[in-house]
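Colleague: I'd like to ask some things about the structure below.
The values are calculated or read from the model by the stated rules, or taken from the named source; none is laboratory data. All values reported here derive from a predicted model rather than from experimental measurement. For neighbour counting, all protein chains shown are included, and Cβ atoms are generated from backbone atoms with ideal geometry for every residue, glycine included.
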Amino acid sequence: MQRADNGLAFMLRYENIAWYEDGKVRILDRRVYPRKVEFVICNTHQEVTQAIRDMVTQSAGPYTAAAMGMALAAYECKHMTEEKQLEYLLAASDNISHARPTTVARMSLITGGCLEAAKIALKNGTDVSEAIVEYTVKANNLRYGKVNLMAEHLVDMFPQNGTVMTQCFGETIVGMMLKVAKEREKNIRIFCPETRPYFQGARLTATVCNEMGFDTTVITDNMPAYVMKKENVDVFTSAADAICLDGHVVNKVGTYQIAIAAKYTGIPYFVTGAPDHGHPTIDTVKIEMRDPDFVLQAMGVKTAADGLKGYYPAFDITPPELVSGVVTDTGIYTPYDLHSYFKDGNMGEYEMVI
C-alpha cells in the first residue's frame, strides 16, 4: 500500500506517531522530543487513553494513537464471543474518545470508524486488530491526502520569498505545506512561537521545519506582535482543534492573541482544517483546563515562587472576524459560510467511508 507519509519528517511518519504491534501500542513521547527519542509503551487501551490525557502525543497525534488503542482493545478481547467483543470495543471507543474533552467530537469519528472496521472483520472471520491497523493506515492516507490539498491552497497565499508565522504544532499540515512550498521552490522563512508550557512550537514545529530544510526561528510567546512588524511577516497560519460552523476557531491557547496582533498589523490569518459537523456553534465546545502547576515551571524546572497560583486553559477561541479564511481540501472559505463546505458531499478531515 502506498503511504502518504513518504518524504515527511521523522515524527510525521505513522510508526513514529503511534503504532500497534504484538499486543502493545508504542507512542512517540513528544514531551521530550527532539532532545530525546523515546516511545511510551502501552499494554492496555486504558494506558493509551492515559497517554493521550498526559500529553505524550499532541496535535493530530492522539487520533492515530486512538485508532491504535482500538487495535489493542481488539487484542484484549479476542478470546471473547463476538457479541462480547463488540461490547468491549464499544466501551473502549467511548473511553478513548473522551481522553480530552475539547476533541471528543473528532476522536469519536476515529474510534467509531475503527469500530466499523472491527464489525466487518468479525463478520469475515479475520483478525480484528490487523483490520483496525489496516483501516488506520487507509484513514491516515486519506487524511494526509486531504491535508496535502489544504497545503496546496495555503501555499497559494505565500509570497515567493515570504515570511510565515505558525502557532503550536499543526502536525500534518506543517509537513505538507513545507513539502508543497519546496516543490514550488518558494523560499519561505518561518517564525515559531514557543507555545508554553509544553513548548510544541519550539520543539515540534521548529524541528519539522528545520528537518525539511527551511530557515526557522523560534521566538517566545510574547514576541509575535513585534516580530510581525519588525520581520515583515506575510501570513499567520495555524491548524485547529475545532472549527465550528459559526466560524469560531478553537486552537492552542495563544492563537487568539496572535490573531488579534495579525489583524491590527494587517496580516492575514489562515486556519487550516475542515469545519466540524459536531460543533455547529462555539457553545458546543468545552475548553479543557489542565494542571495549573504547569505554568509555574518550564520543562520540569520550577520557575515561580512557592504559594503562587497558575491558570492553564489548553485552548482559546478566535472569533470569525479575526479569521481571513478557513483553508480546506476543497478551497478557502470565509468563516461566515462554512456550511458551503458540505454542499458537495464533502465529509471533512476525519471522516472515512469503509
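Colleague: Mind checking which helices (runs of 4 or more DSSP H) fall wholly inside the stretch 1-76 and carry at least 2 residues that are farther than 20 Å from Gly145 by Cα and over 14 Å from the mean Cα position of the chain (by Cα)?
Modeller: By residue number, 45-53, 61-76.
Results for (1) of a type in the set (Ser, Thr, Tyr); (2) in contact with a strand residue (DSSP E or B) (Cβ under 6 Å, 6 or more places away or on another chain); (3) within 18 Å of His45 (Cβ to Cβ), shown as yes or no for each residue.
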{"position": "Leu115", "(1), (2), (3)": "no, no, yes"}
{"position": "Ala118", "(1), (2), (3)": "no, no, yes"}
{"position": "Lys123", "(1), (2), (3)": "no, no, no"}
{"position": "Ser129", "(1), (2), (3)": "yes, no, yes"}
{"position": "Val133", "(1), (2), (3)": "no, yes, yes"}
{"position": "Val137", "(1), (2), (3)": "no, no, no"}
{"position": "Leu142", "(1), (2), (3)": "no, no, no"}
{"position": "Lys146", "(1), (2), (3)": "no, no, no"}
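Colleague: Mind listing whichever residues of the stretch 55-79 are without any contact (Cβ under 8 Å) to a residue 60 or more places away in the chain and farther than 22 Å from Pro197 by Cβ?
Modeller: Ala66, Gly69, Leu72, Ala73, Ala74, Tyr75, Glu76, Cys77, Lys78, His79
Colleague: Moving to a separate point now. Of the residues Thr217, Thr272, only one is within 30 Å of Asn346 (Cα to Cα) and of a type in the set (Ser, Thr, Tyr); which?
Modeller: On inspection, the qualifying residue turns out to be Thr272.
Colleague: Looking only at the stretch 85-115, which residues are touching a residue at least 24 places away in the same chain (Cβ under 8 Å), more than 26 Å from Ala240 (Cα to Cα) and either surrounded by 16 or more Cβ atoms within 10 Å (Cβ to Cβ) or not assigned by TED's automatic domain parsing to the domain that holds Ala73 (or both)?
Modeller: Selection gives Gln85, Leu86, Leu89.
Colleague: Of these, Met68, Met80, Met11, which one is crowded, with 20+ Cβ neighbours inside 10 Å, more than 21 Å from Cys168 (Cα to Cα), at pLDDT 95 or above and of a type in the set (A, V, I, L, M, F, W, C)?
Modeller: Only one candidate passes the filter, namely Met68.
Colleague: Here's something else I'd like to know. I need the full set of residues from the stretch 288-297 which are in a loop (DSSP other than H, G, I, E, B) and surrounded by 14 or more Cβ atoms within 10 Å (Cβ to Cβ), in order please.
Modeller: Hits for the stretch 288-297 are Glu288, Arg290.
Colleague: Looking only at the stretch 162-189, which residues are buried (at least 24 other Cβ atoms within 10 Å of the Cβ) and not in a helix (DSSP H, G or I)?
Modeller: Val164, Met165, Thr166, Gln167, Cys168, Phe169, Gly170, Glu171, listed by residue number.
Colleague: Can you report the number of residues in the stretch 243-271 which are closer than 12 Å to Ser324 by Cβ and either not in a loop (DSSP other than H, G, I, E, B) or not assigned by TED's automatic domain parsing to the domain that holds Leu322 (or both)?
Modeller: Residues meeting the conditions: 7.
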